[in-house]
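**Q** Pasting in a structure now, in structure tokens, and then I'll have a few things to ask.
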Amino acid sequence: MNKEQELLRKKSPVQIKNKKAAFDYHFVDTYTAGIVLTGTEIKSIRMGKASLVDTFCYIHNDEMWVKGMNISPYFYGSYNNHEARRDRKLLLNKREIRHLKEDTKAVGFTIVPTLLFIDDKGRAKLDIALCRGKKEFDKRETLKLKQDKREMDRAVKNFKV
């Protein structure tokens with residue numbers, strides 16, 4: 001991912017993160033995928049009414065799908081509102097899907113969504129990561145590093161020259 005893409009993500013008005021994924025997994029490789037959505041789903045995402053908690057991706061018939069992503073029904077939607085937790089198709093190149101399919105055959109690897117955002121053209125995009133699960137001691141180490149960083153930031157903030 002280059003600097004220009006990172007700036008676009010930071011400028012995005014909607015950034016829905018999967019914070020638990022960074023705690024539970026080591027990220028090996030990341031990809032950006034488009035999502036096939038209906039009209040009311042994109043409206044709900046633009047309002048920030050989505051969640052990536054307990055979501056994962058799988059490959060079926062050489063297509064990538066995301067399962068468990070919650071997009072709340074649109075408040076102003078009528079009878080043609082969408083289901084909140086339906087499976088949604090992700091748009092990736094065949095080469096990327098083939099690489100992910102080969103990599104997930106190894107034991108302990110999975111594909112997890114990490115960030116849902118709106119790009120500069122108004123389309124919803126999903127950052128996904130090929131991940132390896134962390135052990136319990138890795139999670140404790142992550143918590144310790146996070147706490148140490150917080151204490152160092154607090155000490156620097158309180159330090160007066």
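**Q** Pairs only if they're at least six apart or on different chains, beta carbon under 6 angstrom, first in segment 34-52 and farther than 10 Å from residue 73 by Cα, second part of a loop (DSSP other than H, G, I, E, B); list them, first residue then second.
**A** 38/82; 48/14; 52/18
**Q** Go through segment 120-149 and give me each residue that's open to solvent by 100 Å² or more (accessible area, probe 1.4 Å), closer than 22 Å to residue 22 by Cβ and part of a loop (DSSP other than H, G, I, E, B).
**A** 135
**Q** Output yes when any residue across segment 105-119 is open to solvent by less than 40 Å² (accessible area, probe 1.4 Å), free of Cβ contacts under 8 Å to residues at least 40 places away in the same chain and part of a loop (DSSP other than H, G, I, E, B), and no when none is.
**A** The answer is no, given that none of the residues of segment 105-119 is open to solvent by less than 40 Å² (accessible area, probe 1.4 Å), free of Cβ contacts under 8 Å to residues at least 40 places away in the same chain and part of a loop (DSSP other than H, G, I, E, B).
**Q** Of 67, 11, which residue is touching an Asp or Glu at 6+ places or on another chain (Cβ under 8 Å), of a type in the set (Lys, Arg), at pLDDT below 90 and more than 14 Å from residue 127 (Cα to Cα)?
**A** It is 11.
**Q** Got at least one residue in segment 48-64 being at pLDDT 90 or above and touching a Cys at 6+ places or on another chain (Cβ under 8 Å)?
**A** yes
**Q** Return only the number of the condition from (1) part of a helix (DSSP H, G or I); (2) under 21 Å from residue 52 (Cα atoms); (3) modelled with pLDDT under 85 that residue 157 does not satisfy.
**A** For residue 157, the failing item is (2).
**Q** Whether any residue in segment 14-31 is without any contact (Cβ under 8 Å) to a residue 60 or more places away in the chain, touching a strand residue (DSSP E or B) at 6+ places or on another chain (Cβ under 7 Å) and not hydroxyl-bearing (Ser, Thr, Tyr) is what I want to check.
**A** No, segment 14-31 contains no residue that is without any contact (Cβ under 8 Å) to a residue 60 or more places away in the chain, touching a strand residue (DSSP E or B) at 6+ places or on another chain (Cβ under 7 Å) and not hydroxyl-bearing (Ser, Thr, Tyr).
**Q** Further, regarding this structure: Quick one: which residue in 127, 103 is closer than 15 Å to residue 28 by Cα, touching a Ser or Thr at 6+ places or on another chain (Cβ under 8 Å) and among the acidic types (Asp, Glu)?
**A** None of the others qualify; the one that does is 127.
The values are calculated or read from the model by the stated rules, or taken from the named source; none is laboratory data. Because the structure is a prediction, the values reported are computed rather than measured. With ideal geometry, Cβ positions are generated from the backbone for all residues, glycine too; neighbour counts draw on all protein chains shown. Ligands, DNA and RNA are excluded from the accessible area calculation, which covers all protein heavy atoms including side chains. Shrake-Rupley method; radii C 1.70, N 1.55, O 1.52, S 1.80 Å.
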